[in-house]
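Since every read-out is calculated from the coordinates, none of them should be taken as a lab result. Predicted model only: the values in this text are computed from it and were never measured. Don't worry about glycine lacking a Cβ; one is built from the backbone with ideal geometry, like all the others, and counts go over all protein chains shown.
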Amino acid sequence: MIFESIARPMLVLHAIVGFTAVFSTTHHAAYSLLSALGRQNQRALRRFGWIAPSALIVQVLLGLALYPTYRVRVRAADFEHNAPFFTQLFDFKEHLAALSLALVIAAALAARIKELPSKEARWSIAALSCTGALFVWTAAVLGLCVTAKHPV
């Protein structure tokens with residue numbers, strides 16, 4: 001299986017990048033909320049507008065690289081027989097991660113508009129960013145729960 005020999009170090013890297021994704025999406029959400037409230041800090045919003053999606057993309061790529069080993073060594077070997085709830089929990093986490101990626105990228109792109117967006121647009125950006133950050137947090141916590149039950 002591809003990457004099986006380095007699955008554990010990749011899992012640690014996946015967790016580290018996951019923390020980066022959690023904190024950068026949280027910062028983007030906070031700055032987008034401040035922007036919606038009228039406290040402009042376009043520089044920070046733009047900075048976290050590239051850090052957050054970048055961290056999420058790396059996170060997703062690491063997860064995809066780990067998935068074949070997880071599928072055979074954890075899901076098929078243990079979860080499907082002994083802990084089907086964790087199989088469903090993992091699938092839910094993956095769906096949240098995919099949704100958060102779309103939301104964070106959309107918020108980051110919308111926040112990069114050169115001119116100051118309208119108040120309604122700023123609230124829409126904040127809603128996208130905050131929902132994306134919430135989904136990233138939830139996916140991270142669920143990922144830690146699944147990994148605590150049975151790591152790769």
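Numbers for the structure displayed
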| quantity | calculated |
| --- | --- |
| Test set (1) within 26 Å of residue 147 (Cα to Cα); (2) aliphatic (A, V, I, L, M); (3) without any contact (Cβ under 8 Å) to a residue 60 or more places away in the chain - residue 106 fails condition number | (1) |
| Scope the range 65-108; condition over 30 Å from residue 49 (Cβ atoms), surrounded by 16 or more Cβ atoms within 10 Å (Cβ to Cβ) and not polar (S, T, N, Q); matching residues | 70, 73, 74, 75, 79, 83, 86, 89 |
| Candidates 50, 123 - the one that is under 25 Å from residue 35 (Cβ atoms), out of contact with any helix residue (DSSP H, G or I) (no Cβ under 6 Å at 6 or more places or on another chain), aromatic (Phe, Trp, Tyr) and in a helix (DSSP H, G or I) | 50 |
| Test result for residue 14, in a helix (DSSP H, G or I) and either under 22 Å from residue 123 (Cα atoms) or over 20 Å from the mean Cα position of the chain (by Cα) (or both) | no |
| Candidates 102, 133, 106 - the one that is more than 12 Å from the chain's Cα centre (by Cα) and closer than 22 Å to residue 56 by Cβ | 106 |
| From the options 21, 29, 55, residue that is surrounded by 20 or more Cβ atoms within 10 Å (Cβ to Cβ), part of a helix (DSSP H, G or I), in contact with a Cys (Cβ under 8 Å, 6 or more places away or on another chain) and of a type outside the set (D, E, K, R) | 29 |
| Single residue of 66, 33 found to be touching a residue at least 60 places away in the same chain (Cβ under 8 Å), out of contact with any strand residue (DSSP E or B) (no Cβ under 8 Å at 6 or more places or on another chain) and over 20 Å from residue 97 (Cα atoms) | 33 |
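Each row is one residue, and each column tells you yes or no for (1) out of contact with any helix residue (DSSP H, G or I) (no Cβ under 6 Å at 6 or more places or on another chain); (2) outside any loop (DSSP other than H, G, I, E, B); (3) under 16 Å from residue 25 (Cβ atoms).
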{"site": "65", "(1), (2), (3)": "yes, yes, no"}
{"site": "68", "(1), (2), (3)": "yes, yes, no"}
{"site": "73", "(1), (2), (3)": "yes, yes, no"}
{"site": "77", "(1), (2), (3)": "yes, yes, no"}
{"site": "87", "(1), (2), (3)": "no, yes, no"}
{"site": "91", "(1), (2), (3)": "yes, yes, no"}
{"site": "94", "(1), (2), (3)": "yes, yes, no"}
{"site": "97", "(1), (2), (3)": "no, yes, yes"}
